[in-house]
Amino acid sequence: MSHMLRFITAGLLLLASPVLVGQARPSAAGLQTPGKPSADKPRTPRLYIFDCGTLDVADTGRFRLKREEVTTDKLSVGCYLVAHPRGTMIWDTGAVPDAMVMPGGAPVRYRIALPDAQERFVTLAKSLKTQLAEAGYKPADVTHVVLSHYHYDHSANTNDFASATWLVRQVERDAMFAAKPPDLVLPSTYSALRGSKTTIIKTDDHDVFGDGTVVIKFAPGHTPGHQVLSLKLANTGRVVLSGDLYHYPEERRLGRIPTFDDNQEQTAKTRLALDAFLKQNAAQLWIQHDYTASAKLKKAPQYYD
Ligand SMILES: [Zn+2]
């Protein structure tokens, strides 16, 4: 990171500028803690949550919310690992490629340049692979790679998991590899998936390990093949990870749909269907980008089971 760095605010945050994600360097190897054993095979599913950064929201209007209707201008970025007796699945891979992340563990503010000249700022302390290693995992341990959807803030480290089986809807995969990719997409972050072993999901629900504890649910609208993750955990109970069906909890409370959803009518229908599912199953909805709620959740190496 040879670019000029300058301190902002309290001196804890650095601005790395400019950083072109589209030209991300190959992943840095050897970030795992040497000699650290892999986590034991769990007897029941575990959910690890990694802090994959905090996204600054310059304009809440994109979520059809006025600034005074929300309590924060920040969104959390989560990455999730489900450790199941029959396999290990990663759900979303963050907004900042590990190769960009400066070592040391102090929060750094990174600039993400999007193809259409938009930019985003994400503050992050630790790379995903460092956090994985602290929980006893490395990318090669991951058997299934799943993105809630194709946007850049969910895909940054996807190439690291190309040896896993990719679970995706055809319509989403087609968009990701189209000659002209959709907005808010950085194909270089997931290009290795093109050659990955791939399972095209054709049913609304896909039971990943065959025992009903980890189910990917079709939840289109935000993107054409958007999905949410339904988990049945022995002690925590039922939890659904939202993908970007919502970003702010106020979208849910006030019934607002982001202006940039691929199909807003479809989002409304998906939200209604998921509400019914949540009620029927007494499931909690964890909104992945909800900064306030996410801050209260246990982070890896702790886990929910
Ligand atoms: Zn997102």
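The table that follows gives values for the structure above.
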| quantity | calculated |
| --- | --- |
| Hey, Ala29 within 16 Å of the ligand (Cβ to nearest atom), in a loop (DSSP other than H, G, I, E, B) and either under 23 Å from the mean Cα position of the chain (by Cα) or modelled with pLDDT of 95 or more (or both) or not | no |
| Number of positions in region 195-217 that are under 16 Å from Asp174 (Cβ atoms) and among the hydrophobic types (A, V, I, L, M, F, W, C) | 2 |
| Selection from region 108-145 of residues that are in a loop (DSSP other than H, G, I, E, B) and within 16 Å of the ligand (Cβ to nearest atom) | Leu114, Gln118 |
| Residue pairs meeting the criteria (Cβ under 7 Å; at least 6 apart or on separate chains; first over 15 Å from Trp166 (Cα atoms) and of a type in the set (Gly, Ala, Ser), in region 195-223; second part of a loop (DSSP other than H, G, I, E, B) and open to solvent by 20 Å² or more (accessible area, probe 1.4 Å)) | Gly221/Asp262; Gly221/Asn263 |
| Checking Gln288 against (1) open to solvent by 20 Å² or more (accessible area, probe 1.4 Å); (2) within 14 Å of the ligand (Cβ to nearest atom); (3) touching a Gly at 6+ places or on another chain (Cβ under 6 Å); (4) not charged (D, E, K, R), the condition it does not meet | (1) |
| Tally of residues being at pLDDT 95 or above and either within 16 Å of the ligand (Cβ to nearest atom) or open to solvent by 30 Å² or more (accessible area, probe 1.4 Å) (or both) across region 39-56 | 10 |
| Residue match in region 249-271 (condition: within 16 Å of Cys79 (Cα to Cα), part of a loop (DSSP other than H, G, I, E, B), β-branched (Val, Ile, Thr) and within 16 Å of the ligand (Cβ to nearest atom)) | no |
| Ser148 outside any strand (DSSP E or B) and touching a strand residue (DSSP E or B) at 6+ places or on another chain (Cβ under 7 Å) | yes |
| Any hit, region 149-162, residues being closer than 30 Å to Ile201 by Cα, more than 16 Å from the ligand (Cβ to nearest atom), open to solvent by less than 40 Å² (accessible area, probe 1.4 Å) and touching a Phe, Trp or Tyr at 6+ places or on another chain (Cβ under 7 Å) | no |
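The values are calculated or read from the model by the stated rules, or taken from the named source; none is laboratory data. Everything numeric in this text was worked out from a predicted model, so none of it was measured. FYI the Cβ positions are ideal-geometry reconstructions off the backbone, even for glycines, and counts take in every protein chain you see. Just so you know, the surface numbers come from the protein's heavy atoms only, side chains and all, with ligands and any DNA or RNA stripped out. Shrake-Rupley method; radii C 1.70, N 1.55, O 1.52, S 1.80 Å.
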